[in-house]
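First the structure, which I've put down as structure tokens, then a few questions once you've had a look.
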Amino acid sequence: MATKSEGRTFPRGVLSRITSILARSLETSEEQVDLVRKENELTRQGNVTSSNLLQFSTATQRHTAEQTAMAQERTALTREQTRLSTKSTELANIRTELGRERTALSNQRTDLAVVRTDMAKRRTSLAEGRTHFAQMRTRLSEERTDLAKDRTDFAKNRTELARQRTDLSQNRTDLADERTGLSRRRTDLADQRTDLASNRTIRAKTRTRLSWQRTELARQRTFLAFIRTGLAFLTLGIGFLRIFGVSWWSIFDGLLILGSLFMVSFGGFGYFKTNRKINVLQGHLVTDNGFTDLEG
């Protein structure tokens with residue numbers, strides 16, 4: 001039997017097929033709404049996870065492990081979102097194809113099977129392409145996880161280097177303290193050397209004054225030798241006069257006596273002069289700093 005509609009007659013089987021296709025389209029639309037709701041929920045969860053990851057990324061080294069775990073969770077959520085997106089895209093494509101089928105049924109009922117076959121082939125190729133893109137995105141997520149692990153290792157190495165730098169700074173501080181101690185010791189030794197040099201200078205001045213005193217004493221002994229020799233000649237001249245009396249030899253005796261008087265006068269004058277110098281030097285030596293450690 002056939003049904004008349006707007007002046008056209010459609011077979012009853014075609015109407016039943018169209019009705020079933022519309023029912024399928026309605027069910028598909030409802031499933032798509034549910035999938036969109038789930039996708040929005042997963043997107044919200046993904047946004048929350050992303051915000052948590054951003055907060056954890058600003059934390060210190062001890063949150064790195066948690067950040068890696070959150071990255072893995074985000075990867076899993078991304079995979080789930082990819083799967084849902086793929087399914088949603090498939091449903092959208094199905095809906096599009098159903099619309100096209102409805103148009104084709106109203107325009108070209110005879111070509112419905114061919115169009116459906118071609119669209120199935122295209123949908124298969126698009127599904128393969130989406131699957132390839134999903135695999136690529138999964139691989140990129142895994143690489144990002146590996147990069148996060150490498151960043152964690154770099155952070156650990158940087159912490160270790162900072163610890164080594166701190167140890168080197170402490171060693172440098174210890175060496176600086178030791179160098180300061182050595183500098184102080186060197187300063188003390190320099191002060192001692194300066195004191196020894198000053199003491200040596202004082203000793204040298206004292207030794208010079210003692211040398212002058214020895215020289216003056218030697219001169220005094222020389223002048224005393226003059227006096228002793230002059231007295232000996234005077235005694236000899238007087239002895240010759242008393243033994244031989246007045247004769248030609250008396251001239252020699254007089255010259256001998258005059259020479260002895262000159263020698264005694266010269267020796268006496270030099271003796272008193274050197275004696276005054278010795279007294280002056282003795283006064284200087286009494287107050288000399290070179291004898292301060294010998295007074296006890």
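Output ³J(HN,Hα) for region 89-105: one whole-Hz value per residue in order, computed from phi by the Karplus curve 6.51 cos²θ - 1.76 cosθ + 1.60 with θ = phi - 60°, and x for Gly and Pro.
Here the 3J(HN,Hα) series is 5, 4, 5, 4, 5, 4, 4, 4, 5, 5, x, 5, 5, 4, 5, 5, 5 Hz.
Against the 2.2 N^0.38 Å scaling, with N counting residues, where does the chain land? I'd like the Cα-based Rg ratio to two decimal places.
Relative to the rule-of-thumb radius for its length, the chain sits at 3.43.
Obtain the nm distance between the two label points defined at residue 204 and residue 228 by a simple spin-label model: each point lies 7 Å from its Cα along the Cα-to-C-beta direction.
Spacing of the two 7 Å Cα→Cβ label points: 3.7 nm.
For residue 149, give me every one of the aspartates and glutamates with a C-alpha distance below 13 angstrom, ignoring sequence neighbours fewer than eight places off in its own chain.
66
Right, next: Show that you can apply the helix-only estimate: for the chain, add -39,500 (n - 2.57) for every DSSP H stretch of four or more residues, divide by all residues, and state [θ] at 222 nm to the nearest 500.
-33500 deg cm²/dmol
How large is log10 I(q)/I(0) at q = 0.10, 0.17 Å⁻¹ when the Debye formula is applied to the Cα atoms of region 165-296, each weighted equally and without solvent?
Relative scattering, expressed as log10 I(q)/I(0), comes to -0.62, -0.94.
Defining a contact as two alpha carbons under 8 Å apart and six or more residues distant in sequence, what relative contact order in percent does region 11-166 show?
29
Using just the Cα positions, wrap region 109-151 in a convex hull and report its mean projected area in square nanometres, one decimal place.
2.8
Mind checking the full-extension length gain between residue 124 and residue 157? Use 0.36 nm per residue of separation minus the Cα-Cα distance, one decimal, nm.
Value of the extension gain: 7.0 nm.
Lysines within cross-link reach of residue 273: Cα-Cα under 29 Å, excluding same-chain residues under 8 positions apart?
Once the sequence-local lysines are set aside, what remains near residue 273 is 205.
Moving on. Among the lysines, which fall within straight-line cross-link reach of residue 87, defined as a Cα-Cα distance under 28 Å, with same-chain neighbours fewer than 8 residues apart omitted?
Partners within reach: 38, 121.
Taking the chain as a Gaussian network, Cα atoms linked when under 10 Å apart, which of 277, 38, 87 shows the biggest mean-square fluctuation?
It is 277.
Right, another one. Could you work out the relative contact order of the chain, using alpha carbon pairs under 8 angstrom and six or more residues apart, expressed as a whole percent?
Answer for the chain is 14 percent.
Quote the FRET efficiency, to the nearest 0.05, computed for residue 110 versus residue 33 with a Förster distance R0 of 41 Å and r equal to the Cβ-Cβ distance.
In this case the efficiency is close to 0.75.
Convert each backbone phi in region 169-184 into a coupling constant with the Karplus relation 6.51 cos²θ - 1.76 cosθ + 1.60 (shift: θ = phi - 60°), then list the ³J(HN,Hα) values in order as whole Hz, x for Gly and Pro.
Couplings: 5, 5, 4, 5, 5, 4, 5, 5, 5, 5, 5, 4, x, 5, 5, 5 Hz.
Further question on the same structure: Express in whole angstrom the spacing between the alpha-carbon centres of region 154-191 and region 102-127.
83
With the crude spin-label approximation of a point 7 Å out along Cα→Cβ, what separation in nm comes out for residue 249 versus residue 18?
Result for the modelled spin labels: 19.4 nm.
Using the basic label-point model (7 angstrom from Cα toward the beta carbon), what is the residue 192 to residue 215 distance in nanometres?
3.7
Here, each number is a calculation from the coordinates, and none is a lab measurement. Keep in mind that this is a model prediction, so the values were computed, not measured. Cβ: placed from backbone, ideal geometry, glycine included. Neighbour counts: every protein chain shown.
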